[in-house]
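The structure that follows is given in the form of structure tokens.
Just so it is clear, none of the values below were taken in a lab; they were calculated from the coordinates. Being a predicted model, the structure only gives us computed values, none of them experimental. Cβ: placed from backbone, ideal geometry, glycine included. Neighbour counts: every protein chain shown.
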């Protein structure tokens, strides 16, 4: 865990380096490094794994699906 993002403005975050508001989180993304993003997009392939989603196994054994 690197960062806690508070979705509600009602939450008092205090002065912690590990907590940030949703508004500040989005603003941080707006100032991201465009060159790094462009490089990653160039390296991405159509058949690259994006994520694994697991079922709960309610009708049998849990299964993982690669997307």
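Grab the beta carbon distance between residue 49 and residue 18, set R0 = 25 Å, and tell me the FRET efficiency rounded to 0.05.
Working from the Cβ atoms, E equals 0.30.
Which label belongs to the value computed from this structure, given these candidates for P(r) over Cα pairs in 5 Å bins from 0, in percent: (i) 3, 13, 16, 19, 15, 12, 9, 6, 4, 3, 1; (ii) 3, 12, 12, 12, 12, 17, 15, 11, 5, 0; (iii) 3, 18, 31, 30, 13, 4, 1?
Label (ii) holds the value from this structure.
Counting pairs of alpha carbon atoms under 8 Å apart in space and at least six apart in sequence, what relative contact order in percent does the chain give?
Worked out over the chain, it gives 19 percent.
Now, a different point. With axes computed from alpha carbons, what is the tilt in degrees of helix 34-43 against the longest principal axis of the chain, rounded to the nearest 10 within 0 to 90?
Taking Cα atoms only, the helix is inclined about 10 degrees.
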